[in-house]
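Have a look at the structure below, then the notes.
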Amino acid sequence: MTDKWIVRLLMAAAVLFCASASAAGGGKLQQAGNDLGDQASLQRGAQAYMSYCSACHSLKYLRYSRMAEDLGLSEEQVMKNLNFTGAAYGEQIQVSMPHDAATKWFGKMPPDLSLISRVRGSDWIYSYLKSFYLDESRPLGWNNTVFPNASMPNPLWELQGIQHPIHGKAEQAGIDPPVVGFTLGQPGKVDPRQYDQTVRDITNFLEYAGEPAALKRQSLGVWVILFLALLTFLAYLVKTEYWKDVH
């Protein structure tokens, strides 16, 4: 491959990176700090997601049975507490909302979120769920600093409360001033620390849903590293034995 083609590939990669960063929204992202190894967090995240998000957003690449196996849940627990559509245990996680109703309320069917963490990143999800605020100019009365003009309300407003925007100074005349912060106009059912943990749990669950095999891959990775370390040690002993008489 010539240097000319290498330069072209690097430029194309830079363009794709900039495009993806632009699509992620204008708000500054906060670090989610989630941990796929925290099974309790994954279980809480699954419960919160099914309670507040699954009515509109499917996870069509994840099955209830796989979720139960990976998260340490029984079939009874999943079917009783996490399955609200009446689907069979081995079926994918779909929504119960009819397509016609979704089109009427939102203009189109809300997107599937199976791969949202792989497309946007966990920090984006975490920040997005913390950045809703009241905006009377929007059709549903809500807006978001991470994803401006989002066409959905805040699904967790009962937990978080209702945020009002704090506007900064407009950079140019005729342009709406940017939102630089929030003030809590109406408290939610939980305090901010608890809300942050709930959002972190949902983020953790969506990261798992994006790649369920990551749980096993990470656990296997430890054994692979130990095996390679042992193999390296044995190779060193063999090398020492073969070369001990060479001076």
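The values are calculated or read from the model by the stated rules, or taken from the named source; none is laboratory data. Everything numeric in this text was worked out from a predicted model, so none of it was measured. Backbone-built Cβ (ideal geometry, glycine too); neighbour counts: all protein chains shown. Just the protein is used for accessible areas: all its heavy atoms, side chains included, with ligands, DNA and RNA removed. Shrake-Rupley method; radii C 1.70, N 1.55, O 1.52, S 1.80 Å.
Odds and ends about this structure:
- Condition check for residue 190: within 20 Å of residue 40 (Cβ to Cβ) and more than 18 Å from the chain's Cα centre (by Cα): yes
- Considering residues of the range 56-86 that are among the polar types (S, T, N, Q) and outside any loop (DSSP other than H, G, I, E, B) only, the residue nearest to residue 154 (Cα to Cα): 81
- Of all residues making up the range 152-174, the number that are out of contact with any Asp or Glu (no Cβ under 8 Å at 6 or more places or on another chain), surrounded by 17 or more Cβ atoms within 10 Å (Cβ to Cβ) and assigned to a strand (DSSP E or B): 3
Residue-wise test of (1) touching a Cys at 6+ places or on another chain (Cβ under 7 Å); (2) open to solvent by 70 Å² or more (accessible area, probe 1.4 Å); (3) within 27 Å of residue 195 (Cα to Cα); (4) at pLDDT below 90.
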position: 8; (1), (2), (3), (4): no, yes, no, yes
position: 13; (1), (2), (3), (4): no, no, no, yes
position: 41; (1), (2), (3), (4): no, no, yes, no
position: 53; (1), (2), (3), (4): no, no, yes, no
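- Subset tally (residues that are assigned to a loop (DSSP other than H, G, I, E, B), open to solvent by less than 60 Å² (accessible area, probe 1.4 Å) and closer than 15 Å to residue 155 by Cβ) for the range 90-137: 7
- Residues that are among the acidic types (Asp, Glu) and more than 22 Å from residue 49 (Cβ to Cβ) were ranked within the range 199-247; the one that is surrounded by the most Cβ atoms within 10 Å (Cβ to Cβ) is 241.
- Of all residue pairs spaced 6 or more apart or on separate chains, those with beta-carbon atoms under 7 Å, a first member in the range 56-77 that is without any contact (Cβ under 8 Å) to a residue 24 or more places away in the chain and a second member that is among the charged types (D, E, K, R) and open to solvent by 50 Å² or more (accessible area, probe 1.4 Å) are 68/75.
Listed here are the residues, each with its yes/no results for (1) over 21 Å from residue 146 (Cβ atoms); (2) in a loop (DSSP other than H, G, I, E, B); (3) at pLDDT 95 or above.
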{"position": "176", "(1), (2), (3)": "no, yes, no"}
{"position": "185", "(1), (2), (3)": "no, no, no"}
{"position": "189", "(1), (2), (3)": "yes, yes, yes"}
{"position": "196", "(1), (2), (3)": "no, no, yes"}
{"position": "200", "(1), (2), (3)": "no, no, yes"}
{"position": "206", "(1), (2), (3)": "no, no, yes"}
{"position": "214", "(1), (2), (3)": "yes, no, no"}
{"position": "218", "(1), (2), (3)": "yes, no, no"}
{"position": "221", "(1), (2), (3)": "yes, no, no"}
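- Those residues of the range 97-117 which are at pLDDT 95 or above and either farther than 30 Å from residue 214 by Cα or not hydroxyl-bearing (Ser, Thr, Tyr) (or both), in sequence order: 112, 113, 115, 116
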